[in-house]
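Engineer: So that we are looking at the same thing, I have put the structure below in structure tokens.
The values are calculated or read from the model by the stated rules, or taken from the named source; none is laboratory data. Remember, it's a predicted structure, so these values are computed and weren't measured experimentally. A quick note on method: Cβ atoms are made from the backbone with ideal geometry, for glycine too, and the neighbour counts reach across all protein chains shown. For accessibility, only protein heavy atoms count, side chains too; no ligands or nucleic acids. Shrake-Rupley method; radii C 1.70, N 1.55, O 1.52, S 1.80 Å.
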Amino acid sequence: MSVDSVLITENPNPRHIAIIMDGNGRWAQKRLMPRVLGHHAGVKAVRKIVEYCAKSGVEVLSLFAFSSENWRRPQDEVNLLMDLFMATLQSEVDKLDDNNIRLKIIGDKSAFSEKLQAKILAAEAQTANNAGLTLVIAANYGGRWDITQALQRISLAIQQGELAPQDISEQLINQYLVTADLPEPDLFIRSGGEERISNFLLWQLAYTEFYFTDVLWPEFDQDVLEQAIISFKTRQRRFGHTGEQMNQLKR
Ligand code: IPE
Ligand code: IPE
Ligand code: MG
């Protein structure tokens, strides 16, 4: 069933979809394979989902690739994830560019090797003027880190006399988060069966609709994404209003 054939539409299609791609390790372990092969299979699923979103007019797709806490994993796995990130950037950037996709990496990039940081900058610069899908990859990202770096930069601006404490508002904080130029996520999806945020976009998810699926990330495909979008489209988002108020606003 295609998303457009759904009749009950409370909501238009989501502009911004944010996904926690979880379950690579378990997918591999179930097949008696090393976890690293799960991450490789995960990259294939990423390609398909990016392609689908680019074609179907999603404005922003944010993918959680490596959290601030993932450094706690065994060194071998961390190394492999870094290598895979670098290799994937290298092999995919031209294709993203050809498809008019803008790439944006969010997270504390200072922890990455200089080589990887340079690759990230180059990939972002190459695709910066593309007006199709914005693909956000969260790497060494944590929602708490994001809010912390915003507070640090706001404090600095106050210290330098560029801002006064009374200038701090929700809008101002938004402008200092690494997602400042993006619409808030409409739909949050987590694969792999866990039902938690794991320090993803904490501030930004305040009014996002959540969708959890047991499907492990390497098996996540267009059908699962369409199910999530259908679920999203049939929900009533109230933003604090009553349901009756929302119905009146729609009229
Ligand atoms: C998500 O899959 C990918 C990363 C966190 C890098 P996991 O590696 O967390 O897979 P599980 O949860 O162990 O199955
Ligand atoms: C969250 O997955 C981070 C990514 C998918 C990159 P984890 O598998 O690391 O989350 P926890 O540890 O189970 O909460
Ligand atoms: Mg996991």
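Engineer: From the residues in the stretch 153-203 that are touching a residue at least 40 places away in the same chain (Cβ under 8 Å) and of a type in the set (Gly, Ala, Ser), which one is nearest to ligand 2 (Cβ to nearest atom)?
Structural biologist: Ser198
Engineer: On to the next question. Tally time: how many residues in the stretch 21-46 are surrounded by 13 or more Cβ atoms within 10 Å (Cβ to Cβ) and within 20 Å of Ile105 (Cα to Cα)?
Structural biologist: Going through the stretch 21-46 one residue at a time, the tally reaches 8.
Engineer: Can I ask one more? Is it true that some residue in the stretch 206-214 is at positive phi and in contact (Cβ under 8 Å) with a residue 12 or more places away in the chain?
Structural biologist: For the stretch 206-214, residues at positive phi and in contact (Cβ under 8 Å) with a residue 12 or more places away in the chain: absent.
Engineer: Here is a follow-up. Could you list all residues from the stretch 60-84 that are under 19 Å from Thr179 (Cβ atoms) and within 12 Å of ligand 2 (Cβ to nearest atom)?
Structural biologist: Those that are under 19 Å from Thr179 (Cβ atoms) and within 12 Å of ligand 2 (Cβ to nearest atom): Ser62, Leu63, Phe64, Ala65, Phe66, Ser67, Ser68.
Engineer: Of the residues in the stretch 21-42, how many are closer than 17 Å to Arg73 by Cβ and assigned to a helix (DSSP H, G or I)?
Structural biologist: 13
Engineer: May I ask you to list the residues in the stretch 151-172 that are within 23 Å of Gln204 (Cβ to Cβ) and either of a type in the set (S, T, N, Q) or outside any helix (DSSP H, G or I) (or both)?
Structural biologist: Gln152, Ser155, Leu163, Ile168, Ser169, Gln171
Engineer: Looking only at the stretch 57-83, count how many residues are aliphatic (A, V, I, L, M), open to solvent by less than 40 Å² (accessible area, probe 1.4 Å) and not in a helix (DSSP H, G or I).
Structural biologist: The qualifying residues number 4.
Engineer: Hey, another quick one. Please tell me if Glu219 is of a type in the set (D, E, K, R), more than 26 Å from Gly143 (Cβ to Cβ) and open to solvent by 70 Å² or more (accessible area, probe 1.4 Å).
Structural biologist: yes
Engineer: Separate question: Has the stretch 180-194 got any residue that is among the basic types (Lys, Arg) and open to solvent by 20 Å² or more (accessible area, probe 1.4 Å)?
Structural biologist: No, because not a single residue in the stretch 180-194 is among the basic types (Lys, Arg) and open to solvent by 20 Å² or more (accessible area, probe 1.4 Å).
Engineer: I need a count of the residues in the stretch 88-121 that are without any contact (Cβ under 8 Å) to a residue 12 or more places away in the chain and hydrophobic (A, V, I, L, M, F, W, C).
Structural biologist: Residues that pass the stated criteria total 2.
Engineer: Which one of these does Thr234 not meet: (1) closer than 12 Å to Ile17 by Cβ; (2) open to solvent by 20 Å² or more (accessible area, probe 1.4 Å); (3) of a type in the set (Ser, Thr, Tyr)?
Structural biologist: Looking at each condition in turn, Thr234 falls short on (1).
Engineer: Still on this structure, I have one more. Considering only residues that are touching a strand residue (DSSP E or B) at 6+ places or on another chain (Cβ under 9 Å) and either free of Cβ contacts under 8 Å to residues at least 24 places away in the same chain or more than 16 Å from Gly25 (Cβ to Cβ) (or both), which ones fall in the stretch 72-81?
Structural biologist: Hit for the stretch 72-81 is Val78, nothing else.
Engineer: Take Ile147 and decide whether it is in contact (Cβ under 8 Å) with a residue 12 or more places away in the chain, away from ligand 2 (no atom under 16 Å from the Cβ) and over 18 Å from the mean Cα position of the chain (by Cα).
Structural biologist: It is false that Ile147 is in contact (Cβ under 8 Å) with a residue 12 or more places away in the chain, away from ligand 2 (no atom under 16 Å from the Cβ) and over 18 Å from the mean Cα position of the chain (by Cα).
Engineer: Identify, from the list Ala18, Ala54, Ala87, the residue that is under 30 Å from Phe239 (Cβ atoms), more than 15 Å from ligand 2 (Cβ to nearest atom) and open to solvent by less than 70 Å² (accessible area, probe 1.4 Å).
Structural biologist: Answer to the selection: Ala54.
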